[in-house]
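The next block holds one structure in the form of structure tokens; read it before the comments.
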Amino acid sequence: MALVAFAGVLALLVAFYAVYAKMRDTAGVQGAVGFLFVEAAYLLQACNVTWELFLYPVIVRYPETAFLLRDAVIKNDPAVLAFRISASAAILIGIVLFCLAIYRSAIYPKPAAASIFVGAVVYALGPMISLYVSIAGIFTFAVGCMLLGVRLLR
């Protein structure tokens, strides 16, 4: 599952670049800042997924290190917490600004920006509510990305 997430995050990095490249001339400073924050956020997300792919399996393989994950030692470490907060702030700032730029553009359908924004917010809140809410957020986000992709392909 983490491998699929990693591939998806890498694809989003490229896809959001393509979206921005098409609207760069009209996106303004707000769109440029949003794009930079979105790209930084997804780069940080790719880093996070690599932990899940490569480090966590090694940690849980050995009983003497499994407590690092089981007891949330890594998750609650100040440096990791700062990383997670930075990534969350970057995605919040990036999604808000980038979706506003997409919404204002004459190139992309307005429902795409709304779907990406709502999907990102629902996905972020999902873990506090239920797994199904997170899945609904991912689906809504994906629909928005698909609408952008269809427009790019035209």
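Laboratory data are not the source of any read-out in this text; all were calculated from the coordinates shown. A quick note: this is a predicted structure, and the numbers were derived from the prediction, not measured. All Cβ positions, glycine included, derive from the backbone under ideal geometry; neighbour counts span all protein chains shown.
Things worth noting here:
- Estimated dipole of the range 5-143 in Debye, rounded to 20 [Cβ of Lys and Arg +1, of Asp and Glu -1, Cα centre]: 320 debye
- In the chain, taking the dipole from charged Cβ atoms about the Cα centre, the farthest positive-side position among ALA101, VAL121, LEU131 is held by ALA101.
- Here Rg/Rh (Cα atoms, Kirkwood Rh) was calculated from the structure, and among (1) 1.11; (2) 1.03; (3) 1.06 it sits at label (2).
- Considering only ILE95, ILE116, ILE138, the mean-square fluctuation computed in a Gaussian network model of the chain, springs between alpha carbons under 10 angstrom, is largest for ILE138.
- Highest-fluctuation residue, PHE83, PHE54, PHE37 considered, GNM on the chain with Cα pairs under 10 Å: PHE54
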